[in-house]
1. Mind giving me the FRET efficiency for ASP122 and ASN149? R0 is 30 Å, r the Cβ-Cβ distance, nearest 0.05 is fine.
2. With a 1.4 Å probe and every protein chain left in place, tell me how much accessible area LEU79 has, in Å² to the nearest 10.
3. Would you mind telling me the share, in percent, of accessible area of region 1-88 contributed by carbon and sulfur at probe 1.4 angstrom?
4. Full-extension gain between GLU56 and VAL18, please, as 0.36 nm times their residue separation minus the C-alpha to C-alpha distance.
5. GLU48: accessible area at probe 1.4 Å, nearest 10 Å²?
6. Answer rounded, prolate or oblate for region 112-158, using the Cα gyration tensor with square roots of eigenvalues a ≥ b ≥ c: rounded when a/c is under 1.5, else prolate when a/b is larger than b/c, else oblate.
7. I'm checking a number: the convex hull volume of the Cα atoms of region 14-81, normalised per residue, in Å³. What is it?
8. Could you pull the accessible area for ASP126 with a 1.4 Å probe, rounded to 10 Å²?
Amino acid sequence: MKARGKLAYIQVDVGSSVFKDLANVTDSTISLSLSEIADSDADTGGWEEFLAGDKEATIDVTLNYTGSSTQEIIHDAWLNGTTFAIKYGYRAYTSAFATKYGYRAYTSAFATTVKVNSLTIDAPQDGVRTMKATLRCTVIPTSTTASANLDSAGAYGKQRGNVAGLLVKIPTITASGTSGAAAVTF
């Protein structure tokens with residue numbers, strides 16, 4: 001069945017093995033790859049042969065940044081260089097009622113631990129503040145179960161990007177017994 005991209009989901013462990021849906025996701029891409037190791041030799045009849053190498057999985061996610069608990073876990077993991085548990089997978093519509101009202105049942109789920117490879121928080125003057133992150137799986141994903149468990153809206157709610165700020169600490173300047181303040185201009 002053809003379906004819109006909102007059928008993929010990510011859940012984050014918010015503590016004590018309680019998984020909540022990552023809040024306000026606007027786009028996600030689950031990338032799975034397998035490296036190949038060339039093992040061609042004179043006996044392969046002129047054909048290249050390969051052995052299966054290492055597997056890799058990453059999840060790129062973009063979301064409207066609201067400061068919800070699931071979003072803050074991603075930010076804190078990047079800041080502290082730590083990992084956290086997630087569940088990810090795909091949903092399917094289960095009935096005409098579900099399709100009509102947007103209810104989605106979880107049909108496949110995988111559990112793993114991830115680290116945050118990259119993190120960007122955008123604050124455009126003319127748009128909604130967003131967070132973009134790349135999550136890299138650090139352990140083998142295993143099959144599991146998932147059920148709807150929404151995260152709260154977050155401390156900030158959806159906001160226009162111009163609410164971001166830059167804080168600068170300006171030291172006091174002392175020269176020849178005279179003190180003053182340094183100025184920063186933009």
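1. Given R0 = 30 Å and the Cβ-Cβ separation, E is 0.65.
2. Roll a 1.4 Å probe over it and LEU79 shows about 110 Å².
3. With neighbouring chains kept in place, the figure for region 1-88 is 49 percent.
4. The span from GLU56 to VAL18 would gain 11.1 nm if fully extended.
5. Here the accessible area works out near 130 Å².
6. Verdict is oblate for region 112-158.
7. About 138 Å³ per residue, rounded to a whole number.
8. ASP126 exposes around 130 Å² with every protein chain in place.
The values are calculated or read from the model by the stated rules, or taken from the named source; none is laboratory data. Since this is a predicted model, take the numbers as computed values, not measurements. Don't worry about glycine lacking a Cβ; one is built from the backbone with ideal geometry, like all the others, and counts go over all protein chains shown. These accessible areas exclude ligands, DNA and RNA; they are computed on the full protein's heavy atoms, side chains included. Shrake-Rupley method; radii C 1.70, N 1.55, O 1.52, S 1.80 Å.
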